1. Look through the stretch 169-181, keep the residues that are of a type in the set (A, V, I, L, M, F, W, C) and in contact (Cβ under 8 Å) with a residue 40 or more places away in the chain, and return whichever of them is nearest to residue 54 (Cα to Cα).
2. Which number in (1) within 20 Å of residue 181 (Cα to Cα); (2) touching a Phe, Trp or Tyr at 6+ places or on another chain (Cβ under 8 Å); (3) of a type outside the set (A, V, I, L, M) marks the one condition that residue 54 misses?
3. Pick from the stretch 68-87 the residues that are among the aromatic types (Phe, Trp, Tyr) and over 16 Å from residue 211 (Cβ atoms): which of them is surrounded by the most Cβ atoms within 10 Å (Cβ to Cβ)?
4. Pairs, please: C-beta under 6 Å, at least 6 apart or cross-chain, first residue touching a residue at least 40 places away in the same chain (Cβ under 8 Å) and in the stretch 60-78, second assigned to a loop (DSSP other than H, G, I, E, B)?
5. Check 113, 124 and return the single one that is over 17 Å from residue 199 (Cα atoms) and at pLDDT 85 or above.
6. Condition check: in contact with a Phe, Trp or Tyr (Cβ under 8 Å, 6 or more places away or on another chain) and of a type outside the set (A, V, I, L, M, F, W, C). Does residue 213 satisfy that?
7. From the list 119, 78, which residue is at pLDDT 90 or above and within 15 Å of residue 228 (Cβ to Cβ)?
Amino acid sequence: MIIFVHHLHTQLCRWRFLLVAVLLLGLPQTARSEAASESETALSKAIKEIHQTYEKIQDLQADFVQTVEIQGFDTTYVSTGKVFIKKGKMLWDYIEPGKQMIYVNDGGFEYYVPDHKQVIRSRVGGQSDSHLPLQLLSGLGRLDQDFKVSFAIEPPKPGEAVHLKLVPNNNMGLIHIDITVIPSSQIKGLVIDQVVLYEQNGNISTSIFEKVKINQGLNDTLFDFEIPDDVEVIDGP
């Protein structure tokens, strides 16, 4: 049970990481003001390009590497796996250091650890900030209502990676999020490459995407999870 709680604590850090996929559902496109500076104009242009890119994406899959630096611990928790995304449906398939799976589908999510024979099941919604990432993933929220977006570093030149900083308007346990998007020849636009979450408790979570494949025609059945008969189901908030 102690081991399971440890994994659950680490997984909560991962659930916050899912904010990165907010980019798959669109970013604000409005200009800042009539007197917008050159930097603000460049920001609006970059955000619009990201939004237009993901409007063209029907599905996305990638390998990922995640590291979680937990405040007060010297050891960095590293995990690897594959992610599959299709307009409101998601599957995070963790391979190392142990098999874990997160399904997001039809307004809910299920977190499954085969070795523990347990599934944590919850709905996407409610007033809890812990659910905000999944609400946004399901299209129930808007990034421009929840974050202030700026360049993390100086505005990029054409063809360069774009580094964005997202500062939450409300308390959700995060100081800010740094996101990197890079040009993609597959879709002719900007596609997510890396995300770093800085939490108020001092934890830092970094995720890097590799071998990104776009519009491969993922089947909806990939996101359906049938709970085995010998698995305990725990209903979360």
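The values are calculated or read from the model by the stated rules, or taken from the named source; none is laboratory data. Keep in mind that what you see is a predicted model, and the values were worked out from it rather than measured. In this analysis, Cβ positions are derived from the backbone assuming ideal geometry, glycine residues included, and neighbour counts consider all displayed protein chains.
1. Only one residue tops the list, namely 181.
2. (2)
3. So, considering only residues that are among the aromatic types (Phe, Trp, Tyr) and over 16 Å from residue 211 (Cβ atoms), the one surrounded by the most Cβ atoms within 10 Å (Cβ to Cβ) is 77.
4. So the pair list comes out as 70/203; 71/201; 71/202; 71/203.
5. Of 113, 124, the one residue that is over 17 Å from residue 199 (Cα atoms) and at pLDDT 85 or above is 113.
6. For residue 213, the condition - in contact with a Phe, Trp or Tyr (Cβ under 8 Å, 6 or more places away or on another chain) and of a type outside the set (A, V, I, L, M, F, W, C) - is not met.
7. 119
Okay, residues lined up against (1) surrounded by fewer than 18 Cβ atoms within 10 Å (Cβ to Cβ); (2) in a strand (DSSP E or B); (3) in contact (Cβ under 8 Å) with a residue 40 or more places away in the chain:
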{"residue": "153", "(1), (2), (3)": "yes, no, no"}
{"residue": "167", "(1), (2), (3)": "yes, yes, no"}
{"residue": "183", "(1), (2), (3)": "no, yes, no"}
{"residue": "197", "(1), (2), (3)": "no, yes, yes"}
{"residue": "201", "(1), (2), (3)": "yes, no, yes"}
{"residue": "213", "(1), (2), (3)": "yes, yes, yes"}
